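Single-structure report; data block below.
Bear in mind these aren't lab numbers, they're just calculated from the coordinates by the rules spelled out. Only a predicted model underlies this, so the values are computations on that prediction, with no experimental measurement involved. We place every Cβ from the backbone using ideal geometry, glycine too, and count neighbours over all the protein chains shown.
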Amino acid sequence: MFKKSVQKFSGKICEVEIGTGEKAIKLGGESVLPFYSFDGNTGNAPKLGMDITDDLEGWPKAILELYKDVCNDPVAWAKCIEEKYAPDFICLKLDSADPNGKDNSVEECAKTAKAVVEAIKTPLVVAGTGNHDKDAKLFEKIAQELDGHNVLLLSAVEDNYKTIAAAGAMAYNHKIGAESSVDINLAKQINILVNQLGVGNEKIVDNVGCSAAGYGYEYVISTLDRVRLAALGQDDKTLQVPIITPVAFETWKVKESVDEETWDNLEERGISMEVSTAAGVLASGSNAVILRHPKSLETIKKFVSELLA
């Protein structure tokens with residue numbers, strides 16, 4: 001009689017909770033590789049979020065047309081997504097704060113974030129501009145204004161982690177994203193730095209980087225694999241945190257999603273890029289993905305449910 005072998009690991013990914021009330025979500029908790037329910041505890045099911053922005057510059061026409069009635073108002077947009085599509089979380093991307101764009105003040109952006117979080121029950125992730133100096137000031141103010149809402153601040157990097165971790169995780173008890181650039185050693189390094197400030201793994205979610213499928217994507221997948229194997233197989237506690245991947249940030253800016261002259265059906269191409277990218281990172285270790293199109297959300301929901309069935 002055939003007896004299937006079971007792969008046991010010594011490590012376990014810690015749980016991180018985001019949001020409050022009945023819609024709060026938990027990431028992580030697994031002690032096996034993604035979807036390997038035949039080997040042991042797969043932890044909490046991957047969580048799927050959708051993103052919105054407070055600055056429409058550069059966003060694809062297909063998305064803006066889809067939300068034309070609400071996209072000029074982040075509060076209305078967030079409520080629309082919550083009611084129509086019911087994602088596990090909503091990501092508010094504060095693009096208007098970018099010093100190379102509108103350069104809106106941190107006070108104005110924090111006011112927007114507070115209005116959004118108070119209008120919905122779905123957990124909120126707040127993403128910055130990518131400008132490290134501005135993001136440090138931005139998240140410091142947002143952490144204060146959103147006190148009690150247990151949001152995830154995405155993301156802290158080596159240049160600003162002290163400010164973001166101190167304000168976000170220590171002073172106001174939010175969760176912080178620790179961002180690195182598609183390298184297991186860099187992921188370890190930022191986690192160690194944050195841990196040394198006194199922030200435990202239960203308040204950290206890693207963003208190890210992302211690219212759209214076909215754009216250096218193999219490096220993203222191999223990094224996710226290595227991070228998960230080190231965390232579980234080598235019991236590397238510095239890597240035993242959930243991972244979030246902002247898929248939408250990458251897939252909706254590549255030529256397949258924005259070039260109207262080369263191929264037909266621009267919207268379907270964007271959805272295909274988003275679904276392909278999300279499926280791969282979830283199968284390789286990501287605990288949460290940020291998506292943009294409702295069809296992408298629907299498809300990945302089905303993908304996850306069938307793998308966990």
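Counting only residues at least eight positions apart within a chain, or on another chain, the aspartates and glutamates with an alpha carbon under 17 Å from that of Lys302 are Asp88, Glu274. Summarising the label geometry, the points placed 7 Å from Cα in the beta-carbon direction at Tyr36 and Lys255 lie 3.9 nm from one another. For the residue pairs Lys111/Lys137; Lys93/Lys162; Lys84/Lys255; Lys47/Lys237; Lys23/Lys175; Lys79/Lys203, alpha carbon separations beyond 19 Å are given by Lys93/Lys162; Lys84/Lys255; Lys47/Lys237; Lys79/Lys203. Which of the three applies to region 138-289, rounded, prolate or oblate, going by the alpha-carbon gyration tensor with a ≥ b ≥ c and a/c under 1.5 meaning rounded? Oblate shape, in that a/c is at least 1.5 and b/c is the bigger or equal ratio. Using only Cα atoms, locate the centre of region 272-309 and the centre of region 18-75, then give the distance between them in Å, rounded to an integer. Here the two parts' Cα centres lie 10 Å apart.
Here is the P(r) of region 60-197: all C-alpha pair distances, binned every 5 Å from 0, give 2, 10, 20, 21, 19, 14, 9, 4, 1, 0 in whole percents. Between Glu108 and Ala171, full extension at 0.36 nm per residue minus the direct alpha carbon distance yields a gain of 20.6 nm.
Please state the shape class of region 172-252: rounded when a/c is under 1.5, otherwise prolate if a/b exceeds b/c and oblate if not, all from the C-alpha gyration tensor. It comes out oblate by the Cα gyration axes. Would the chain count as rounded, prolate or oblate if I go by the C-alpha gyration tensor, calling it rounded below 1.5 in a/c and otherwise prolate when a/b exceeds b/c, oblate otherwise? It comes out oblate by the Cα gyration axes. Region 162-207 and region 101-159 have Cα centres spaced 16 Å apart. Each Lys or Arg adds one and each Asp or Glu subtracts one; over the other residues with Cβ under 10 Å from the Cβ of Glu202, this totals 0. I want the local charge near Gln189. Using Cβ-Cβ distances under 12 Å, sum +1 for each Lys or Arg and -1 for each Asp or Glu among the other residues. Charge balance in the 12 Å sphere: -3.
Residues considered: Ile18, Ile142, Ile63. Largest GNM mean-square fluctuation over the chain, using C-alpha springs under 10 Å, is found at Ile63. For a modelled paramagnetic label at Asn100, 7 Å from Cα along Cα-to-Cβ, no residue of region 145-160 is in reach, as no backbone nitrogen comes under 15 Å.
A simple count of charges around Gln234, restricted to other residues whose Cβ falls under 14 Å of its Cβ and scoring Lys, Arg +1 and Asp, Glu -1, yields +3. In terms of other Cβ atoms within 10 Å, Thr112, Thr223 run from fewest to most in the order Thr112, Thr223. When peptides 238-250, 64-76 are sorted by average Cβ neighbour count within 10 Å, with the highest value leading, the order is 238-250, 64-76. Going by neighbour counts of Cβ atoms within 10 Å, the residues Trp252, Trp263, Trp77 line up, fewest first, as Trp263, Trp77, Trp252.
Ranked by how many other Cβ atoms sit within 10 Å of their own Cβ, fewest first, the residues Leu146, Leu308 fall in the order Leu308, Leu146. For the pair Asp73 and Glu202, what calculated FRET efficiency results from E = 1/(1 + (r/R0)^6), where r is the Cβ-Cβ distance and R0 = 45 Å, to the nearest 0.05? So the FRET efficiency works out to roughly 0.85. If the segment from Ile192 to Gln234 were pulled out straight at 0.36 nm per residue, it would be longer than the present Cα-Cα gap by 13.5 nm. Using the Cβ-Cβ distance between Thr20 and Glu268 with R0 set to 35 Å, the FRET efficiency from 1/(1 + (r/R0)^6) comes to roughly 0.40.
Averaging the sequence gap over all C-alpha pairs within less than 8 Å and six or more residues apart, then dividing by the number of residues, gives region 20-308 a relative contact order of 19 percent.
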